[in-house]
Amino acid sequence: MKDDYVHGYSEFESDRLVDQANTLANLLHSDTKFSAGTKVLEAGCGVGAQTLMLATNSPDAEIKSIDISEESISRAKSLLKTHNIGNVEFQVADLYNLPFEDETFDHIFVCFVLEHLMDPITALKKGGSITVIEGDHGSCYFYPETKEAIKTWECLIECQKGLDCNPMIGREIYPLLKNSGFKQIKVAPKIVYVDSSKPELVEGFNKKTIIAMVEGVKDQAIKSGMIDNKSWEKE
């Protein structure tokens with residue numbers, strides 16, 4: 001079973017994912033580390049952007065990274081090969097129908113995946129332990145807050161909702177995990193704040209992550225009538 005990916009599978013999107021992972025590495029993965037011999041399943045690895053961070057932080061863990069897209073798996077392999085990462089094995093697989101026996105893994109790792117699934121509860125493995133990292137597109141604020149900026153951002157949200165996916169899933173992590181059968185759930189919100197005093201975040205987060213992410217739905221948003229080109233391009 002394959003859910004549509006709102007951002008597409010272009011080389012531009014692949015680069016964006018890597019830029020995003022590099023920019024947010026310390027924020028998202030400072031406490032994501034696994035001991036030697038731990039068997040970790042990364043569900044929905046995409047092009048390997050988060051895989052690289054995961055494997056680098058836990059060089060002695062045994063990581064199996066899966067994705068339903070053969071093209072993404074190919075790019076992930078190339079990325080990790082470039083960085084001489086050797087503790088990851090990749091496999092094309094469906095999150096809704098995992099080809100593994102129960103208790104094969106000690107831990108499940110999911111990063112920016114559930115928001116793109118029509119049925120995240122079914123995709124979550126019940127029991128065991130899991131790390132889930134997700135965003136909440138409804139918590140993005142701008143200054144100056146122009147009507148064009150807000151409308152452009154809302155296009156991304158509406159395009160994702162149009163695929164029966166949930167761009168605001170970050171605020172639902174606790175009930176989602178509880179309803180999937182997990183116990184001892186701990187949610188730790190992460191906040192990214194950017195202004196001109198932080199040029200590295202202006203470049204890495206605003207330009208290479210947020211703006212690049214929204215650009216991925218430009219054609220779809222304009223074609224569907226959500227916004228006109230003049231409003232989209234207004235600075």
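The values are calculated or read from the model by the stated rules, or taken from the named source; none is laboratory data. Keep in mind that this is a model prediction, so the values were computed, not measured. Cβ placement follows ideal geometry from the backbone for every residue including glycine, while neighbour counts extend to all protein chains displayed. SASA here: full protein model, heavy atoms, side chains in, ligands and nucleic acids out. Shrake-Rupley method; radii C 1.70, N 1.55, O 1.52, S 1.80 Å.
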Practice problem: Kindly provide the set of residues from the range 29-55 that are part of a helix (DSSP H, G or I) and open to solvent by 20 Å² or more (accessible area, probe 1.4 Å), ordered by number. | Solution: Met53
Quiz item: Is there a residue in the range 80-103 that is touching a strand residue (DSSP E or B) at 6+ places or on another chain (Cβ under 8 Å), closer than 26 Å to Lys183 by Cβ, modelled with pLDDT of 95 or more and open to solvent by 50 Å² or more (accessible area, probe 1.4 Å)?
Solution: no
Quiz prompt | Per-region count, the range 154-169, residues open to solvent by 10 Å² or more (accessible area, probe 1.4 Å), in contact with a helix residue (DSSP H, G or I) (Cβ under 7 Å, 6 or more places away or on another chain) and closer than 19 Å to Leu124 by Cα | solution = 3
Exercise. Identify the residue in the range 104-121 that is modelled with pLDDT of 90 or more and aliphatic (A, V, I, L, M) and, among all such residues, is most open to solvent (accessible area, probe 1.4 Å).
Key: Met118
Quiz item: Which condition number does Gly225 fail, the rest of (1) closer than 24 Å to Glu13 by Cβ; (2) open to solvent by less than 30 Å² (accessible area, probe 1.4 Å); (3) part of a loop (DSSP other than H, G, I, E, B) being met?
Solution: (2)
Quiz item: Restricting attention to the range 163-170, does a residue exist that is in a loop (DSSP other than H, G, I, E, B) and either under 24 Å from Asn229 (Cβ atoms) or in contact with a strand residue (DSSP E or B) (Cβ under 8 Å, 6 or more places away or on another chain) (or both)?
Solution: yes
Quiz item: Does Leu54 fit the bill of being under 22 Å from Pro167 (Cβ atoms) and not β-branched (Val, Ile, Thr)?
Solution: no
Quiz prompt | Residue, nearest to Gly135 (Cα to Cα), within the range 173-191, restricted to residues that are of a type outside the set (S, T, N, Q) and crowded, with 17+ Cβ neighbours inside 10 Å | solution = Ile173
Self-check item: Sole residue being within 26 Å of Ile185 (Cβ to Cβ), touching a strand residue (DSSP E or B) at 6+ places or on another chain (Cβ under 8 Å) and not aromatic (Phe, Trp, Tyr), chosen from Ser129, Ser69
Solution: Ser129
